[in-house]
Structure formats: C-alpha cells, structure tokens
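A.B. asks: Let me give you the structure first, and then I'll get to my questions.
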Amino acid sequence: MKYRRQDAKAWARAHLRGIWAATLTPFNEDSSLDLAGWRANVRHWTRELGIAGLFVNGKQGEFYAMSVAERKKIVEVAREENASLMISCSDQSLDTVIELAKHAQAVGADYIVVHTPLLYFGAHTADTLVQYYETISKAVDIGIALWNQPPDCGYLLEPEVCLRLAEIPNVVAIKYSVPRDTYARLTRMAGERLVVSTSSEEDWLDNIVELGWQVYLCSTPPFLLQTAVDRRMHDYTQLAFQKRNDEARKIRDSLNPVRHALKSTRPAGKAAAHQKYWQELLGQAGGAVRRPLLELTEAEKAATRAAFETCGLKIAHEQTS
C-alpha cells in the first residue's frame, strides 16, 4: 500500500491531480481481449500524452460485458506499465465489488471507484448508501472514489448524502456526473473532505478557475483530443494551474473543431464503437465492441474519417504510417 487507510484523504488531496482518462477496452474481432493493444495504449497515454492516471474498467470500458478474470487481467497489465490507476470495481454484486477492490489494492492501484448501485422500489435511501460504502470501506484500505451518474442508476446522490459518505475514512473523491450547479454546490460544501470532479472536458478549465478543482475525472477526451505532437488539453490544463487563464482559454477554444468533429459524427447508441474507431484513426488500438453494443457501419466510418481528417488535430508521422 502507498498509504495507510487513515491517510487516504490527505494522499488523494496531494496526489489525485491533473488529467485522468477513462479508458476503453480493446477487443479482437473474436471478442477476446487485445492485451497487446491495451499495453500499447497504456504506454502511449501515460508516456507520450502525459496523462496523469487511468480510470480503468468503467462504463466506457464495457466492464459489464467482461468477466471478473478479464477485469483483473486488464488491471494487472496496466500496473506492469507503472500507470497510476483508479480501478472501477462497480458491479451489482457487492461480493464482486469487494473481490475487485481487494485485487486492486493487492496489485498496487492508487484508488478504486464504485458507482452508486442500481436499487429498486425506492431503496436508494441515505442509510442504504452509507451502509453500502461502509461495507466496501471496511474490506480495504485503498482510497475510494464515489461515482454517481443519475441516468444510469436512476437517482441523484444528493450533496448532503455525499458529505455523510465523506465521513468514511478512505472515501476520498467523487466523479459526479450531474449538472454544474449541483457539483459546484458540493464542492463548496465539501471543502477538504472530498475531491470533486466530473467528466465534462468542456467545463474542465472553468472548474479549475472558478471552483479550484485539481483533477479531471474522467472520460475519453484526454486520448481522443490529443496526440503525441498535439497535447492541447494537457497544455491548457497546465496553464490554468499556473493561473495563466487567458492563455489557457485560447488553447482550450482552439480545440472546438476537434470536439465538433468527434461529437457531430457519433451515431446514436454507438458511442463506444465510434470512439474506438477514432482511436484507430489516431493510431491507437480501438478494436471491436462486445454485444449488445453495435459496430459502426461503413457509411458511419466514412463520415467519421472525413471529419477527423479536417478537424485540425496534428498527427505524428509515425501514427499515420
């Protein structure tokens, strides 16, 4: 362990910083894990793009379509590459959550993250959720990040409940996929007790400047909007941390054509397949999606490729060869 349970909050405040990316999991055409591609992606993201940490086995990574053994293997390979890791242990089975949490701790991950569970018949009371996270907390010493995305679990983790959860010694952060006024309110209420973040790259700079945020948690833009020779998200982040806000905004806004190309060509219901294809255009391992997700059609690929080629993202020669 890199820190003791009672020191988890201080460790996160000191070390959970910068840009963390939510990873996609590359699969081969036969649906097996593309471990060579995964290893190459991890190296590219952490070494060439300078991404501070990786959020592994989340919803973007299709964890729900993977076995427990596959989820563990993905983590182990990333650790072999010395990546800083926040491991999603989210699952409807609490036993599985705890098994994955213990594994993450054993292999040397930095943090785990657990989504608020899907609960039926109004069972998402504050007491239910506090007991849920307390049970996970007692099983491991590793720092725990909360994760709430109301459309997926069906309810908002209210800021007041977040503060109750922040009393748990090793609950250190939250990925809060909610409207800005809600996460801004929690930021003000939580102070030093909870590192707050969300997945919107477009709001990231403003959240540094206006809310004093220290970490981007997390989605795919860090490796979809950047290349080894065009690290504009990294650059505007560093400028914002240095309080050079006007310079940071110019660089952030220069990415608007890239953002538009990525979003405007994404077919409804095919976010994972679309992002994986964009990865392939960047020279990364994208690969197939697993059912029940759908692949892109050839027409959808053509439209995406045309937008990619004119978006202004600079590509290193070796990525296109």
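Bear in mind that the values in this text are calculations on the coordinates, not laboratory data. Keep in mind it's a predicted model, so treat the numbers as computed, not measured. Because the Cβ atoms are built from the backbone with ideal geometry, glycine has one as well, and the counts that use them run over all protein chains shown.
A.B. asks: Of everything in the range 5-46 that's free of Cβ contacts under 8 Å to residues at least 24 places away in the same chain and closer than 20 Å to Leu217 by Cβ, which residue is surrounded by the most Cβ atoms within 10 Å (Cβ to Cβ)?
C.D. replies: Ala10
A.B. asks: So which residues in the range 153-194 are within 22 Å of Ala123 (Cβ to Cβ), assigned to a loop (DSSP other than H, G, I, E, B), touching an Asp or Glu at 6+ places or on another chain (Cβ under 9 Å) and not hydroxyl-bearing (Ser, Thr, Tyr)?
C.D. replies: Residue satisfying the conditions is Ile168 alone.
Per-residue answers, yes or no, for (1) over 27 Å from Trp278 (Cβ atoms); (2) surrounded by 22 or more Cβ atoms within 10 Å (Cβ to Cβ); (3) not basic (Lys, Arg):
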residue	(1), (2), (3)
Leu163	yes, no, yes
Arg185	yes, no, no
Arg193	yes, no, no
Ser197	no, yes, yes
Arg231	no, no, no
Asn245	yes, no, yes
Arg266	no, no, no
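A.B. asks: Only one of these conditions is not met by Asp152: (1) without any contact (Cβ under 8 Å) to a residue 40 or more places away in the chain; (2) surrounded by fewer than 20 Cβ atoms within 10 Å (Cβ to Cβ). Which number is it?
C.D. replies: Condition (1) is where Asp152 drops out.
A.B. asks: Where in the range 200-254 are there helices (runs of 4 or more DSSP H), lying wholly inside it, with at least 2 residues that are among the basic types (Lys, Arg)?
C.D. replies: Answer list for the range 200-254: 245-254.
A.B. asks: Let me spell it out: the conditions are (1) under 21 Å from the mean Cα position of the chain (by Cα); (2) under 19 Å from Thr198 (Cα atoms), and Val161 meets all of them except one. Which number is the exception?
C.D. replies: Unmet condition: (1).
A.B. asks: Follow-up question, since we're still on this one. Condition first: more than 25 Å from Gly283 (Cα to Cα), among the β-branched types (Val, Ile, Thr) and more than 15 Å from the chain's Cα centre (by Cα). Can you find one or more residues in the range 106-123 that meet it?
C.D. replies: Looking for residues that are more than 25 Å from Gly283 (Cα to Cα), among the β-branched types (Val, Ile, Thr) and more than 15 Å from the chain's Cα centre (by Cα), one finds at least one in the range 106-123, hence yes.
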